[in-house]
Amino acid sequence: MSGVVSDIVLAEPRGFCAGVDRAIEIVERALAKFGAPIYVRHEIVHNTYVVNDLKSRGAIFIEELDEVPPGATLVFSAHGVSQAVQREAERRGFRIFDATCPLVTKVHVEVAKLHKEGFEFIMIGHKGHPEVEGTMGQLDNGIHLVEDVADVARVQPGQTERLAVVTQTTLSVDDAAEIAAAVKARFPNVREPKQQDICYATQNRQDAVKVLSPQVDILIVVGSPTSSNSNRLRELAKKLGTESYMVDSADELRPEWFEGRPRVGLTAGASAPDVLVQQVIDRLRALGAQAVRKMDGIQETVKFPLPKGLKLEA
Ligand code: SF4
């Protein structure tokens, strides 16, 4: 089956974002400073390789706080937690480090501020995603989730005078804009975010796929099935008419995908490490890929500070 792939074009940017870098570093530094085990509520980021790697180094991933012994060190995942989880973790006396991405925290802060001013919220997001649960859990009530345009017609806020839109950070930019437009059409006074909540990393990776897709015959996305932003990249390429598959590791690549599709685009979700991209490149070389080139794209320079207590000693 060798020789089916001719060349690979790497999306730019792709892979780790600043929030994922920071979240992983928080667990690594907690392990180095306090020793294993370090408890992490939910997968620190939605990537199988990252989670297994940290497990092998002494991280224990849990979903419920009663799985954490008294006095333990607990890290909240990059997706954020509800106020109830935050309060319960404090009540139990854990040593807590919050790896919530600062761009998710920004949404939480906005919700709290507008709630004080009497606002209710329409949240655009995916039901059951931990980020959505965390953001909706910033208030006891008053946040109404819509997943698509049809939901917008059904939603019943308690009042419509003071209504604001918030979104999950990792949505399809285009789908979210369409849903936000439907919200605006139904509730013309709705307050939209000053800067949209979809994060820079999600936006940049989707923009890169829009440029790359027409240049290739097939797009491979490296990402885990639970990763929202990775799924959106695969969907976007398909929507643009380019065959696309998402793989959690190089082993999942199937040679028949590339038959008659020699030019391969390669990207990775914001939680997928570069080592997996390299393994996919190696596998594609075994299938005949000769040339690997990077598309032109934005160079990301965003970096978020670590929490107090885990910064490097001066
Ligand atoms: S994808 Fe966006 S919101 Fe999520 S961790 Fe990365 S920068 Fe933060």
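Computed from the coordinates by the stated procedures, all read-outs in this text should not be read as laboratory data. Keep in mind it's a predicted model, so treat the numbers as computed, not measured. In this analysis, Cβ positions are derived from the backbone assuming ideal geometry, glycine residues included, and neighbour counts consider all displayed protein chains.
At-a-glance table
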| quantity | calculated |
| --- | --- |
| Computed FRET value (nearest 0.05) for Asp53 with Thr105, which takes r as the C-beta separation and R₀ as 35 Å | 0.90 |
| Unsatisfied cross-links (Cα-Cα over 24 Å) in the set Lys55/Lys311; Lys238/Lys303; Lys116/Lys308; Lys55/Lys238 | Lys238/Lys303; Lys116/Lys308; Lys55/Lys238 |
| Hull-based mean projected area of segment 103-186, where the convex hull spans the alpha carbons, in square nanometres | 5.1 |
| Length-normalised contact order for the chain - Cα pairs under 8 Å, 6+ apart - percent | 28 |
| Computed Kirkwood radius, in angstrom, where 1/r is averaged over Cα pairs of the chain | 20.7 |
| Highest-first arrangement of 224-233, 79-88, where packing means the average Cβ count within 10 Å | 224-233, 79-88 |
| Structure-based [θ]222 nm, the chain - -39500 (n - 2.57) summed over DSSP H runs of at least 4, per residue, nearest 500 | -11000 deg cm²/dmol |
| Distance histogram for segment 1-102 (every C-alpha pair counted, 10 angstrom bins, percent rounded to whole numbers) | 14, 43, 23, 9, 7, 3, 0 |
| Total charge dipole magnitude, the chain, about the Cα centre, Cβ charges on Lys, Arg, Asp, Glu only, Debye to nearest 20 | 620 |
| Estimated distance in nm for a label pair at Thr301 and Asp207, the labels positioned 7 Å out from Cα along Cα-to-Cβ | 1.5 |
| Value of relative contact order over segment 18-101, rounded to a whole percent, pairs C-alpha under 8 Å and six or more apart | 34 |
| Ordering of 261-270, 121-130 by packing [mean C-beta count within 10 Å, highest first] | 261-270, 121-130 |
| Per-pair calculated FRET efficiency, R0 = 35 Å: Glu178 and Ser249 via Cβ, rounded to 0.05 | 0.60 |
| Sites matching GluC sites (Glu not before Pro) across segment 136-188 that sit in DSSP coil, with at most 14 neighbouring C-beta atoms within 10 Å | Glu161 |
